[in-house]
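Enquirer: Encoded as structure tokens, here's the structure I'll be asking about.
The values are calculated or read from the model by the stated rules, or taken from the named source; none is laboratory data. Predicted, not measured: the structure shown is a model, and the values here were computed from it. In this analysis, Cβ positions are derived from the backbone assuming ideal geometry, glycine residues included, and neighbour counts consider all displayed protein chains. Each accessible area value is taken on the protein alone, full model and side chains, heavy atoms only, with ligands, DNA and RNA left out. Shrake-Rupley method; radii C 1.70, N 1.55, O 1.52, S 1.80 Å.
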Amino acid sequence: MTATSTLADLAGLLLSGKIEVVDLTAPLGPSTPLIKLPPDFAVDTPKIEIHKISQYDKAGPFWAWNWLKLGEHSGTHFDAPQHWITGKDYPDGSTDTIPVGHFVAPVNVIDCSAQAAADSDFLLTAAGVRAWEAEHGAIGKGEWVLMRTDWDSRNGDEATFLNADASGPHSPGPTVDCIEYILERGAIGWGTQCIGTDAGSAGGMQPPFPAHNLVHKANRYGLASLCNLSKLPAKGAILIAAPLKIEKGTGSPIRALALVPKG
Ligand code: 23J
Ligand code: MN
């Protein structure tokens with residue numbers, strides 16, 4: 001088995017549909033849910049705007065095109081190390097400097113959908129990850145770890161997706177020791193189906209927002225608002241998640257794709 005013959009096999013399997021390309025991306029537009037931070041603490045990212053330049057009209061008779069107003073951390077998106085203060089000094093930690101090889105990697109999908117359905121504040125722990133490994137196999141160095149909660153079913157409506165009440169947002173995510181553990185395993189990043197990589201309750205953890213604080217401190221990456229994780233196997237798929245090459249970018253909307261073996 002050579003790299004050349006393996007890639008030729010991959011090409012054949014893609015064309016025959018025996019390897020399927022699954023879209024893990026939510027639609028990006030004015031109704032895309034956006035994170036709301038505590039008002040005394042921060043300024044929010046602006047609503048997405050799509051403005052028409054022309055549409056086969058006086059402003060451009062043969063062509064249609066738009067311009068966008070869009071925060072880096074909007075919709076299905078990538079968090080770069082420089083997004084967080086703990087990762088600010090990595091020269092290869094912004095969207096334009098991350099090695100592109102990191103954008104294509106094997107993916108582990110930890111199914112927490114039943115727990116998240118029963119408890120919006122469900123937290124995945126290191127013990128939970130170890131139990132998953134005992135069943136499905138070890139998380140390898142350079143691999144993604146994704147938390148499946150099926151929260152993409154809420155993604156069409158911002159209030160349902162954020163799930164906030166007077167006590168704050170209620171959405172599932174990782175504990176501090178979960179993130180410490182996956183980084184120990186050598187994971188390339190951590191991804192979720194919620195508005196951000198951290199749980200709704202993560203502001204009260206120590207450190208606050210551990211998926212941001214610890215992942216980016218380790219020069220690793222985050223993925224948020226992923227869709228369709230129910231279509232992925234626990235192991236065996238390849239994730240393609242590449243941010244736009246924004247100069248000094250802290251993150252970017254992505255078209256997240258998975259290569260999934262069929263049958
Ligand atoms: C800014 C401040 C806090 C958080 C976030 C952004 C995100 O979740 C994000 O999109 O990276 S927690
Ligand atoms: Mn983000």
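Enquirer: Could you figure out which of (1) away from ligand 1 (no atom under 16 Å from the Cβ); (2) over 16 Å from the mean Cα position of the chain (by Cα) isn't true of residue 246?
Expert: Of (1) away from ligand 1 (no atom under 16 Å from the Cβ); (2) over 16 Å from the mean Cα position of the chain (by Cα), only one is false for residue 246: (1).
Enquirer: Pairs, please: C-beta under 8 Å, at least 6 apart or cross-chain, first residue over 14 Å from residue 198 (Cα atoms) and within 10 Å of ligand 2 (Cβ to nearest atom) and in the range 76-90, second assigned to a strand (DSSP E or B) and open to solvent by less than 60 Å² (accessible area, probe 1.4 Å)?
Expert: 80/221; 80/251; 80/252
Enquirer: Might you let me know whether the range 17-33 holds any residue that is over 17 Å from the mean Cα position of the chain (by Cα) and assigned to a helix (DSSP H, G or I)?
Expert: no
Enquirer: In the range 9-40, which residues are open to solvent by 60 Å² or more (accessible area, probe 1.4 Å) and more than 16 Å from ligand 1 (Cβ to nearest atom)?
Expert: Hits for the range 9-40 are 9, 13, 14, 15, 16, 18, 20, 21, 27, 30, 31.
Enquirer: Please work out if residue 176 is more than 13 Å from ligand 1 (Cβ to nearest atom) and in contact with a helix residue (DSSP H, G or I) (Cβ under 7 Å, 6 or more places away or on another chain).
Expert: Yes.
Enquirer: I'm trying to understand the selection: among the residues of the range 67-103, which are farther than 30 Å from residue 187 by Cβ and open to solvent by less than 90 Å² (accessible area, probe 1.4 Å)?
Expert: Matches in the range 67-103: 69 only.
Enquirer: Tell me, please, whether a residue that is of a type in the set (Gly, Ala, Ser), assigned to a loop (DSSP other than H, G, I, E, B), without any contact (Cβ under 8 Å) to a residue 12 or more places away in the chain and open to solvent by less than 60 Å² (accessible area, probe 1.4 Å) can be found in the range 41-61.
Expert: yes
Enquirer: Can I ask one more? Based on this model, can you work out whether residue 111 counts as open to solvent by 40 Å² or more (accessible area, probe 1.4 Å) and either farther than 20 Å from residue 230 by Cα or more than 16 Å from the chain's Cα centre (by Cα) (or both)?
Expert: Considered against the rule, which asks whether it is open to solvent by 40 Å² or more (accessible area, probe 1.4 Å) and either farther than 20 Å from residue 230 by Cα or more than 16 Å from the chain's Cα centre (by Cα) (or both), residue 111 comes out as no.
Enquirer: Moving on to the next point. In the range 138-159, what residues are in contact with a helix residue (DSSP H, G or I) (Cβ under 7 Å, 6 or more places away or on another chain) and open to solvent by 60 Å² or more (accessible area, probe 1.4 Å)?
Expert: Listed by number, the list holds a single entry, 154.
Enquirer: Still on this structure, I have one more. Do we find that residue 127 is farther than 19 Å from residue 223 by Cα, modelled with pLDDT of 95 or more, open to solvent by 40 Å² or more (accessible area, probe 1.4 Å) and touching a helix residue (DSSP H, G or I) at 6+ places or on another chain (Cβ under 9 Å) in this structure?
Expert: yes
Enquirer: Which strands (runs of 3 or more DSSP E) sit wholly inside the range 180-263 and have at least 1 residues that are surrounded by 23 or more Cβ atoms within 10 Å (Cβ to Cβ) and among the aromatic types (Phe, Trp, Tyr)?
Expert: Here the list reads 189-191, 221-224.
Enquirer: Further question on the same structure: Report yes if some residue within the range 99-113 is without any contact (Cβ under 8 Å) to a residue 24 or more places away in the chain and within 13 Å of ligand 1 (Cβ to nearest atom); otherwise report no.
Expert: No: the range 99-113 contains no residue that is without any contact (Cβ under 8 Å) to a residue 24 or more places away in the chain and within 13 Å of ligand 1 (Cβ to nearest atom).
Results for (1) more than 16 Å from ligand 2 (Cβ to nearest atom); (2) under 20 Å from residue 84 (Cα atoms); (3) in contact with a Pro (Cβ under 6 Å, 6 or more places away or on another chain), shown as yes or no for each residue.
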residue: 171; (1), (2), (3): no, no, no
residue: 175; (1), (2), (3): yes, yes, no
residue: 190; (1), (2), (3): no, yes, no
residue: 203; (1), (2), (3): no, yes, no
residue: 211; (1), (2), (3): no, yes, yes
residue: 215; (1), (2), (3): no, yes, no
residue: 221; (1), (2), (3): no, yes, no
